[in-house]
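The values are calculated or read from the model by the stated rules, or taken from the named source; none is laboratory data. None of these values were measured; they are calculated from a predicted model. Positions of Cβ are backbone-derived with ideal geometry, glycine not excepted, and every protein chain shown enters the neighbour counts.
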Amino acid sequence: MALSSMTGFARGHGESGGYAWAWEIKSVNAKGLDLRLRLPPGWDAVEPPVRSKTGEALARGTVYASLNVERHGKSPVVRLNEDVLNAVLGTVKSLAARVDADRPRLDGILAIKGVIEVVDAEEGEDERRAAEAAVVSGFGAVLTSLIENRRREGDALGRILSGRLDEIATLIDRAEAAAARRPDAVKQRIADQVAALLEASDRFDPDRLHQEAVLIAAKADVREELDRLSAHVEQAQMTVMKGGAVGRRLDFLSQEFNRESNTLCAKANDLELTNIGLELKGVVEQFREQVQNLE
């Protein structure tokens, strides 16, 4: 299964009967799935199926979807508002007995707001239901285009992440081979630190000295951190190859990478290991930033 990015864009349009519709969908990064719809007045019936399709197809991302609908091919209907006209005529008749003026012309009466109404032709129930079905179907097609767009970007992200994991694995190998990790180097470092302790005080009892030596040895050994880093690299590589909605899993692994690289830097008492640890932290941060874009 391919990796998918959380960012993408798609647009589509179509017609049904006298209706022309157009969908525009874009998605950006988010912790979960959030669909934000913008529908024209009177088209609320399409919202439930649109939300259902989105939930079935996507796992993460804030999705902005806007619908535009226009009606063509239907002549408008002109209606005379009898109630308003009667009210106007009644007022004209009342004023005629009180005001010396010419009688109002027909065009003047018809120009009064509300006397004449221009409305869209009435639509049939079947026509409207067919248009709504076409709009929902069109959304599905545009959503498919969005998913393809997200997967193309996901493929590119997958290549980047694999490259970062290879860099992390190389740095682990360098840390393994560092001169400071050779047994004789570790032994000499412990001996030097124990000698420094003895010089500082001649009253160390054997048990206390043994405890201090064990503690120094534990701080000098980064074996556990390197083993965990190698295990995390293996898990991350398998996760990238598996694909699908693995963004959360890789985000967790990026946190683990960061934790182990921090510990490596803290325990390193050698310039070479310290530099490797700092370089490792930089690559891990690049890995984490790219993971934030994955579904």
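Quick check on the range 31-48. Is at least one of its residues assigned to a loop (DSSP other than H, G, I, E, B), of a type in the set (Lys, Arg) and more than 30 Å from residue 241 (Cα to Cα)?
Looking for residues that are assigned to a loop (DSSP other than H, G, I, E, B), of a type in the set (Lys, Arg) and more than 30 Å from residue 241 (Cα to Cα), one finds none in the range 31-48, hence no.
Under the condition of being crowded, with 18+ Cβ neighbours inside 10 Å and touching a Leu at 6+ places or on another chain (Cβ under 7 Å), which residue from the range 135-170 is farthest from residue 281 (Cα to Cα)?
135
Determine if the range 215-226 includes at least one residue that is touching a Phe, Trp or Tyr at 6+ places or on another chain (Cβ under 6 Å), in a helix (DSSP H, G or I), modelled with pLDDT of 90 or more and surrounded by 15 or more Cβ atoms within 10 Å (Cβ to Cβ).
So far as the range 215-226 goes, no, none of its residues is touching a Phe, Trp or Tyr at 6+ places or on another chain (Cβ under 6 Å), in a helix (DSSP H, G or I), modelled with pLDDT of 90 or more and surrounded by 15 or more Cβ atoms within 10 Å (Cβ to Cβ).
What single numbered condition from (1) under 30 Å from residue 107 (Cα atoms); (2) of a type in the set (A, V, I, L, M); (3) buried (at least 16 other Cβ atoms within 10 Å of the Cβ) fails to hold for residue 89?
(3)
Looking at the range 37-52, is at least one residue over 13 Å from the mean Cα position of the chain (by Cα), within 17 Å of residue 149 (Cα to Cα) and touching a residue at least 60 places away in the same chain (Cβ under 8 Å)?
Within the range 37-52, not a single residue is over 13 Å from the mean Cα position of the chain (by Cα), within 17 Å of residue 149 (Cα to Cα) and touching a residue at least 60 places away in the same chain (Cβ under 8 Å).
Return the total of residues in the range 15-44 being surrounded by 16 or more Cβ atoms within 10 Å (Cβ to Cβ) and either farther than 29 Å from residue 160 by Cβ or among the small types (Gly, Ala, Ser) (or both).
Of the residues in the range 15-44, 11 are surrounded by 16 or more Cβ atoms within 10 Å (Cβ to Cβ) and either farther than 29 Å from residue 160 by Cβ or among the small types (Gly, Ala, Ser) (or both).
Within the range 239-247, identify whether any single residue is part of a helix (DSSP H, G or I), closer than 23 Å to residue 175 by Cα, in contact with a Ser or Thr (Cβ under 7 Å, 6 or more places away or on another chain) and outside the structural domain of residue 28 (by TED's automatic domain parsing), and answer yes or no.
Scanning the range 239-247 turns up no residue that is part of a helix (DSSP H, G or I), closer than 23 Å to residue 175 by Cα, in contact with a Ser or Thr (Cβ under 7 Å, 6 or more places away or on another chain) and outside the structural domain of residue 28 (by TED's automatic domain parsing).
Which residues, counting only those in the range 254-295, are at pLDDT below 90, part of a helix (DSSP H, G or I) and not β-branched (Val, Ile, Thr)?
264, 265, 266, 267, 271, 272, 273
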